[in-house]
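The values are calculated or read from the model by the stated rules, or taken from the named source; none is laboratory data. In this text the structure is predicted, and so the values were computed from the model without any measurement. Every residue, glycine among them, receives a Cβ derived from its backbone with ideal geometry; neighbour counts consider all protein chains shown.
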Amino acid sequence: MSHSPSLTSATSPTRPRTSQGGTWRMLLAMALSGTIGLLVVESALPPLLVVFARCVLGALGLGLWLAWRREWVAPQGREWLWLAGGGIALVLNWVALFSAYHYSSIAVATVVYHVQPFMLLALSALQGEPVERRKLPWLLLALLGVALSSGLVGLDGMDASHAGTGAWIGVALALLAAALYAGTTVATRRLGHMPSAQIAMLQMLAGGLVLGLWALPLLAHVAAASPQLLSARAASMVLTLGLVHTAFMYTVMYAAFQRLPAPAIAALSFVYPAMALLVDLAWFGAVPSAAQWAGMGCIVVAVLGHRLTGQS
């Protein structure tokens, strides 16, 4: 998903009085997140077009949700700039992550993408914020996990020449996506008084408007040169991604954020990479190597340790 539950929840509306229903909502949202890669790959469309469609459909669905709930806070002054900057970073993050699926397995790209809390840590340090030293060992463990997941470092001592270049490109794109999402988080933190659904909708609109400058000419080119790509199957995948895996999923996820404490959100968020791994194994038959299993394990432990350290 191209989002981080523990980070996004910082801008959620006020928590309801009851926590009833939070767990199943979070599980559903994370399970849907883990199948996003399947829809992207099966659509067989260029990532740029998939992201543009997701922006349009997601913004439409969230806009209807906001209208129904009558939740709207008018942005003021510089907030428009933060919305625009965060939106551009958000859609570029999706482009990078969806592109990563075509080079490495969905599971590897998804797990590597989860190093985004450490990207946020680096951005905070660049902004002059103090960095907790007790979190640095988790950062080193995550970096080891990235190296193992890429195939550049093998448990049997093989060097990079034995690893496919595609896996490394996929890991690099997933890291770029994580960095871009960290930038989105920094921008979103400046908009804490707005409902989360409104922030997401406006970011999708802003990013979609910019992306449209490239996506619309690409769509015209695909329609003329490769019309077979614009099939009913591709349309169904994109519609599902935009309406179910974006608009519906975000509303369910935000409802879970309102009902669950931060430790529960952090723990349940790991359903996302677990589901992505199951999709890879069951649908695509992609079996990670021993080194990649170890690398993904290192990243999961590092991210969990980072979150628990922050809550202790």
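Residue-level check: of (1) buried (at least 19 other Cβ atoms within 10 Å of the Cβ); (2) under 16 Å from Thr35 (Cβ atoms), Ala286 misses just (1). Ala232 meets the stated requirement of being at pLDDT 90 or above, more than 30 Å from Ala74 (Cα to Cα) and either within 21 Å of the chain's Cα centre (by Cα) or small (Gly, Ala, Ser) (or both). One residue is enough: does the range 187-196 have a residue meeting the conditions modelled with pLDDT of 90 or more, assigned to a helix (DSSP H, G or I) and of a type outside the set (A, V, I, L, M)? No, there is no match, as no residue in the range 187-196 is modelled with pLDDT of 90 or more, assigned to a helix (DSSP H, G or I) and of a type outside the set (A, V, I, L, M).
Going by the conditions given, is Pro288 modelled with pLDDT of 85 or more and at negative phi? Taking the combined requirement at face value, the residue does not satisfy it. The set of residues from the range 26-63 being small (Gly, Ala, Ser) and on the phi < 0 side of the Ramachandran plot comprises Ala29, Ala31, Ser33, Gly34, Gly37, Ser43, Ala53, Gly58, Ala59, Gly61, Gly63.
Selection of the range 239-291 for residues being polar (S, T, N, Q), closer than 21 Å to Leu148 by Cα and under 20 Å from the mean Cα position of the chain (by Cα) yields an empty set.
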